[in-house]
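A.B. asks: Quick one: this structure, given as C-alpha cells, is what I'll be asking you about.
The values are calculated or read from the model by the stated rules, or taken from the named source; none is laboratory data. Nothing here was measured: the structure is a model prediction, and the numbers come from that model. Don't worry about glycine lacking a Cβ; one is built from the backbone with ideal geometry, like all the others, and counts go over all protein chains shown.
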Amino acid sequence: MRTALQALTDELRRLKTAGVKTVAVSDESVAALRRIVQARARGVVAPAPADTPEPAASVSAPRTATAPLKAYEPPAPVYTPKPAPKPVGEALPPPPTVTLPAGDKQTRWNALLELVRNDATCKAHVRPGKQVVLGVGSVEAKIMFVGEAPGAEEEIHGEPFVGPAGELLTKMIQAMGLKRAEIYIGNIMNWRPELPTPPGEAQIGNRPPTEAEMRYCLPYLRAQIDVVKPDLLVALGATAAHGLLGVDTFKALGEVRGRWHEFGGKPLMVTYHPSYLLRPPVDNRKKRLVWEDLLKVMERVALPISDKQRTFFLDK
C-alpha cells in the first residue's frame, strides 16, 4: 500500500507540473483513501477492504467524478502536550538558624563553611559534580560585595564571581586601589538556581533566584556579615538589591542605585551588576554610573581618591 500511495503521489505531482488542474477519481477510490488517512491519524494501519482494489499507480480510474488535483499530504501529527516542568525553588523548608562557635574570625568562618557544605537543602539543589558556594576574600575586609547567585563557573570552582563578570569585578576593585584579596565577595544564594534540564546534560543558562530561595539562604549571608564585620555592603544588581531590600521595594534599579540604604545594621550601596557593563552597547556612560557609586563607597571608608580616579570614564 505504501508503494502504491507513493506512486500515486508522484503521478499527481507530475500531472500538476504539466498543468493538469483536475483529475477524475471514482467514489470508491476516494472513500478508500479517506479511510486510510483517518486510520493513520489514529495510529492504526487499516487494510484496504477486500472489494476495493488498491489505487493504481496511474490515474486511469473511471471518470465518474472529478476533484481538484492535489498531491497526497500525510496527516498532521497528533500533538500530545508535555507536562509542565515542576516549579523549582518554592518547596523549601524554613530558613536555617545559624549558630557559630566562639573564636577568631577565621575559625568562625571555617565553621560556617562546613555548615553550608553540609546543609541538606543546599546539597539537594546542587547537581552532581558541582559545589555549594560561600563567600571568598579577607575576613578583615572593610568592603563586602554581594551578588545574587552562583553561575556555571562558580558552581564548578565553589567561589563567587569567577566568570567574565568576576574578572570585570576584579578590575573594578583594582581601579579603587585595592586587591581582590583585600575585600570580601559573597552571594545571597549558596547554590545555582536550577533550570529544567534533561538527565545527564549540563544546565544551559541561568535564572534569578526566587524569593523563597533567597529567604532560605539569607541567614548564611547574615552570618558572613557577622563574621567579617565589614564597614559597608555593595549590592551588585537588581536581584541582589531585591534580596537585601525586599522584593517590593522598587521596580527599576535606577530607583535605588547610587544611594545609601541599610541591611543588617550596615550601610548598603546599590549599583549595577558587572554583567550589565558587559552587555552591548559597551560604553563609558554605563561604566561611569557604576564608578560614581564606587567613588561614594571609597569616600565612605576613607580610601584615598586621586584626581585621575575622579575622572575615570568621563568622555573627553
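A.B. asks: Could you please find all residues in the stretch 261-285 being of a type in the set (Lys, Arg) and either in a loop (DSSP other than H, G, I, E, B) or not assigned by TED's automatic domain parsing to the domain that holds Thr170 (or both)? Please lay out each step first, then the result.
C.D. replies: Narrowing the stretch 261-285 to residues of a type in the set (Lys, Arg): 266, 279, 285.
Arg279 - this is the single residue of the stretch 261-285 that is of a type in the set (Lys, Arg) and either in a loop (DSSP other than H, G, I, E, B) or not assigned by TED's automatic domain parsing to the domain that holds Thr170 (or both).
A.B. asks: Then there is this: I'd like to verify a number: residues in the stretch 274-314 that are of a type in the set (Phe, Trp, Tyr) and within 22 Å of Glu255 (Cα to Cα), how many?
C.D. replies: Filtering the stretch 274-314 down to residues of a type in the set (Phe, Trp, Tyr) leaves 276, 291, 312-313.
Within this subset, residues satisfying the condition of being within 22 Å of Glu255 (Cα to Cα) are 276, 291.
Residues flagged as of a type in the set (Phe, Trp, Tyr) and within 22 Å of Glu255 (Cα to Cα) within the stretch 274-314 amount to 2.
Conditions (1) more than 30 Å from Arg34 (Cβ to Cβ); (2) surrounded by 15 or more Cβ atoms within 10 Å (Cβ to Cβ); (3) at pLDDT 95 or above; (4) not charged (D, E, K, R), marked per residue:
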position: Pro74; (1), (2), (3), (4): no, no, no, yes
position: Lys82; (1), (2), (3), (4): yes, no, no, no
position: Pro96; (1), (2), (3), (4): yes, yes, yes, yes
position: Leu100; (1), (2), (3), (4): yes, yes, yes, yes
position: Arg108; (1), (2), (3), (4): yes, yes, yes, no
position: Ala111; (1), (2), (3), (4): yes, yes, yes, yes
position: Glu114; (1), (2), (3), (4): yes, no, yes, no
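A.B. asks: While we're on this one: I'd like the full set of residues that are in contact with a Leu (Cβ under 9 Å, 6 or more places away or on another chain) and outside any helix (DSSP H, G or I), limited to the stretch 286-312.
C.D. replies: The answer is Val301, Leu303, Ile305, Phe312.
A.B. asks: Given (1) surrounded by fewer than 14 Cβ atoms within 10 Å (Cβ to Cβ); (2) assigned by TED's automatic domain parsing to the domain that holds Leu169; (3) free of Cβ contacts under 8 Å to residues at least 40 places away in the same chain, identify the lone condition not met by Asp315.
C.D. replies: (2)
A.B. asks: So, of the residues in the stretch 190-210 that are touching a Gly at 6+ places or on another chain (Cβ under 8 Å) and farther than 18 Å from Lys123 by Cβ, which turns out to be surrounded by the most Cβ atoms within 10 Å (Cβ to Cβ)? First the steps, then the outcome.
C.D. replies: Here is the first cut: in the stretch 190-210, the residues touching a Gly at 6+ places or on another chain (Cβ under 8 Å) are 192-195, 206, 209-210.
With the extra rule that they be farther than 18 Å from Lys123 by Cβ, the set shrinks to 195, 206, 210.
On the way: Leu195: 12, Asn206: 15, Thr210: 17.
The selected residue is Thr210.
A.B. asks: Of everything in the stretch 225-241, what is buried (at least 24 other Cβ atoms within 10 Å of the Cβ) and under 23 Å from Thr121 (Cβ atoms)? Give them in sequence order.
C.D. replies: Correct list: Ala240 only.
A.B. asks: State yes or no: is Glu159 assigned by TED's automatic domain parsing to the domain that holds Leu233, of a type in the set (Asp, Glu) and touching a strand residue (DSSP E or B) at 6+ places or on another chain (Cβ under 7 Å)? First the steps, then the outcome.
C.D. replies: Values: assigned by TED's automatic domain parsing to the domain that holds Leu233: yes; of a type in the set (Asp, Glu): yes; touching a strand residue (DSSP E or B) at 6+ places or on another chain (Cβ under 7 Å): yes.
Yes; evaluated as a whole, the condition is true for this residue.
A.B. asks: When you look at Leu245, is it crowded, with 16+ Cβ neighbours inside 10 Å, under 20 Å from Leu218 (Cα atoms) and assigned by TED's automatic domain parsing to the domain that holds Leu168, yes or no? Give the derivation first.
C.D. replies: Numbers: crowded, with 16+ Cβ neighbours inside 10 Å: yes; under 20 Å from Leu218 (Cα atoms): yes; assigned by TED's automatic domain parsing to the domain that holds Leu168: yes.
Answer is yes for this residue.
A.B. asks: Further question: Kindly indicate whether Gly205 is under 25 Å from the mean Cα position of the chain (by Cα), on the phi > 0 side of the Ramachandran plot and not in a strand (DSSP E or B).
C.D. replies: Values: under 25 Å from the mean Cα position of the chain (by Cα): yes; on the phi > 0 side of the Ramachandran plot: yes; not in a strand (DSSP E or B): yes.
Taking the combined requirement at face value, the residue satisfies it.
A.B. asks: If you don't mind, another one. Checking Pro219 against (1) modelled with pLDDT under 95; (2) within 24 Å of Ala111 (Cα to Cα), only one condition comes out false. Which one?
C.D. replies: (1) is the only condition that Pro219 fails.
A.B. asks: Another question, then. Which helices (runs of 4 or more DSSP H) does the stretch 99-166 wholly contain that include 2 or more residues that are under 23 Å from the mean Cα position of the chain (by Cα)?
C.D. replies: Values: elements: 105-117, 120-124, 152-157.
Where helices (runs of 4 or more DSSP H) fall fully within the stretch 99-166 and carry at least 2 residues being under 23 Å from the mean Cα position of the chain (by Cα), they are 120-124, 152-157.
A.B. asks: Only one of Val256, Val301, Val290 is more than 20 Å from Trp191 (Cα to Cα), in contact (Cβ under 8 Å) with a residue 24 or more places away in the chain and crowded, with 18+ Cβ neighbours inside 10 Å; which?
C.D. replies: Values: Val256 fails: in contact (Cβ under 8 Å) with a residue 24 or more places away in the chain; Val301 fails: crowded, with 18+ Cβ neighbours inside 10 Å.
One residue alone meets the criteria, Val290.
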